[in-house]
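Worksheet for the structure shown next.
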Amino acid sequence: MTLACAATLAARGFDIDLEVGEGERVAVLGQNGSGKSTLLGVLAGTLRPDAGRASLDGRVLFDLGPGRRLWLPPHRRGIALLAQDPLLFPHLTVLDNVAFAPRVGGAPRADARDRAERWLEEVEVLPLAGRRPHELSGGEAQRVALARALAAEPALLLLDEPMAAVDVAVAPMLRRVLRRVLAGRTTMIVTHDVLDALLLSDRLVVMEEGRVAESGPTEETLRHPRAGFTARLAGLNLIRGTRDGGGVVGRDGVRIDGTAGDAPALRDGDPAAAAFAPAEVSIYLSPPAGSPRNHLPVTITEVEPHGELVRVRGDDHHGHSIAADVTPVSVAELDLYPGRDVMFVVKAATVTIYPA
C-alpha cells in the first residue's frame, strides 16, 4: 500500500483506519462534521492526532502514542494539498507561483521553471504564465494551483473540494483536466458532488461521525449503498435490516419486498439492504390493489421542485425518510402538503435487495 493511516483525535470524535493503493484515486464523502477535513489535516501535517501511525511509500509520517513521538512536518511528507482557495502568491507571476513548489524542494531555478511550464501546459493555462493572480478567473486560478501542487511531484495529492470555488460553467472543464492529470496518480479527493466522485475516483470512502461508514469501488458503492448518506447522495431510498424470504425486515419491523438478482446467495437472517429510486415510488391516499407492491404509510415532510418533477419526502414513523418523485399535476390532484398522511407505494420488482 502507498498510504496506511490509523489515527484518533478524541476532541473531534475522530477514529479512522484506512489504506490507499499506489495510483489509486479515492473520493472521501460525508456530511459536514463527519471528519473529512480532519482526515486531510492529519495527513497533510496541519493537525496532530492524539495517537496513531501513518506511512507513505514505506516512510513513516507520524507515530504517536505512549513513548512514541515521531511527527514529520508538512514540508517533509511528500504530500501536496490543493485547498478550495487557490492561495496563489499575489506578488508572483503564474509561472513563478508554480515554480515555487519545486524550488522549495531543492530544484535548480532553470529546472523548476521547466517543470512549471510543463505542468501549466498540462492543465491548459501555459499562455497565462506571465500574468499575476488578480488577472485570473476563478477557474484559471484553480488550474494554476493544481499545476503548482503537481509540480511538487507529491507521492500523495490531497484535493479539498476542488470545484467549490469555481463557477458552475467552468466546473466541467476543470473536471476534465483533473480526470486527465490524476489518472494513475495516488489521490484523495474530498467532495460533496457525486459527479466528481464518479468521474475522478476509483474508490469511495464515506465518513460518518469521524469514522469510515463504508468503502468500496465508486460505481458499485453508489449502486448498492450501505450508509444512509451514500444512498441520499446516489438518489436512492434505503432500508436496512435482515433478509426474510423475498424481502428485508428492518430492526423497527418495517418490511419491504424486492428482488435479489445481484445477491442470490443471501439467506434468511443475513444483514441486507433494500434500495429503490424515488421515481419508482407512487403516492396514493389509500392502499391500492393490484400487483405485488410495498405499502409504506408516511407523513409528508417536504414538497419541493426537483427538475421537471416534484420531490415529495415523507417520514414512515420508523425513522426512515423516503422520497418520491412525482409530476406537478399529481401534487395538485392529490393535494399534497407537509403534514398530510399518504401511502407511498413501490412495486417489489423495482426494489433491489443486496448484502449490507
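Derivation of every value follows stated rules applied to the coordinates shown; laboratory data play no part. These figures come from a predicted structure and were not determined experimentally. Cβ placement follows ideal geometry from the backbone for every residue including glycine, while neighbour counts extend to all protein chains displayed.
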Report task. Take the chain, connect every pair of alpha-carbon atoms lying under 10 Å apart with a spring to form a Gaussian network, then pick out the residue of L238, L178, L92 with the largest mean-square fluctuation. Result -> L92
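Ratio of alpha-carbon Rg to the 2.2 N^0.38 Å globular estimate for region 109-184, to two decimals, please.
Details: Rg = 12.2 Å, N = 76, 2.2 N^0.38 = 11.4 Å.
Taking N as the residue count of region 109-184, the ratio is 1.07.
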Query raised in the report: In terms of the ratio Rg/(2.2 N^0.38 Å) built on C-alpha atoms, what value belongs to region 30-119?
Result: 1.34
Report summary line: Candidate cut points under chymotrypsin sites (Phe, Trp or Tyr not before Pro) in region 210-286, DSSP loop plus at most 12 other Cβ atoms within 10 Å of their own Cβ, are none
Query - Ratio of Rg to Rh over region 47-100 (Cα coordinates, Kirkwood Rh, two decimals) - result: 1.14
Report task. Stick to the Cα atoms of region 195-296, pair each with every other, and give me the Kirkwood hydrodynamic radius in Å at one decimal. Result -> 15.1 Å
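Nearest 0.05, what FRET efficiency do R255 and R311 give at R0 = 25 Å with Cβ-Cβ as r? Mind dumping the intermediate values first?
Numbers: r = 24 Å, r/R0 = 0.97.
Efficiency, from the Cβ-Cβ distance: 0.55.
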**Report entry** Principal-axis tilt of helix 171-181 within the chain, Cα atoms, nearest 10 degrees
**Finding:** 60 degrees
Requested in this report: Using only Cα atoms, tell me the angle between helix 109-122 and the longest principal axis of the chain; keep it within 0 to 90° and round to the nearest 10.
Outcome: 30 degrees
**Report entry** Of all DSSP beta bridges in the chain, antiparallel share, percent nearest 5
**Finding:** 80 percent
**Report entry** Model label zone, R118; criterion: amide N under 12 Å from point 7 Å along Cα-to-beta-carbon; scope region 146-173
**Finding:** 151-153
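Quick one: if you take sqrt(5λ) for each eigenvalue of the C-alpha gyration tensor of region 52-170, what semi-axes come out, biggest first, whole angstrom? Could you put the intermediate results ahead of the total?
Details: eigenvalues 173, 61, 24 Å².
Working from the Cα gyration tensor, I get semi-axes of 29, 17, 11 Å.
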Query raised in the report: Roughly what percent of Cα-Cα pairs across region 238-355 reach past 19 Å?
Result: 45 percent
Query raised in the report: Helix 138-151 versus the longest principal axis of the chain: what is the Cα-based angle in degrees, 0 to 90, to the nearest 10?
Result: 60 degrees
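If each residue of separation counts as 0.36 nm, what is the full-extension length gain between D202 and L285 once their alpha-carbon separation is subtracted?
Details: separation 83, 0.36 × 83 = 29.88 nm, distance 4.35 nm.
Stretched out fully, the D202 to L285 stretch lengthens by 25.5 nm.
Calculate, in nm to one decimal, what R59 and E135 gain on full extension: separation in residues at 0.36 nm each, minus their alpha carbon distance.
Contour length minus the Cα-Cα distance gives 23.4 nm.
Cα-based Rg of the chain per 2.2 N^0.38 Å, rounded to two decimals?
Working: Rg = 24.2 Å, N = 356, 2.2 N^0.38 = 20.5 Å.
Working it through for the chain, the quotient is 1.18.
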Report task. Work out the charge dipole of the chain with +1 on the Cβ of Lys and Arg and -1 on the Cβ of Asp and Glu about the Cα centre, then indicate which of G21, V125, G105 is farthest towards its positive end. Result -> G105
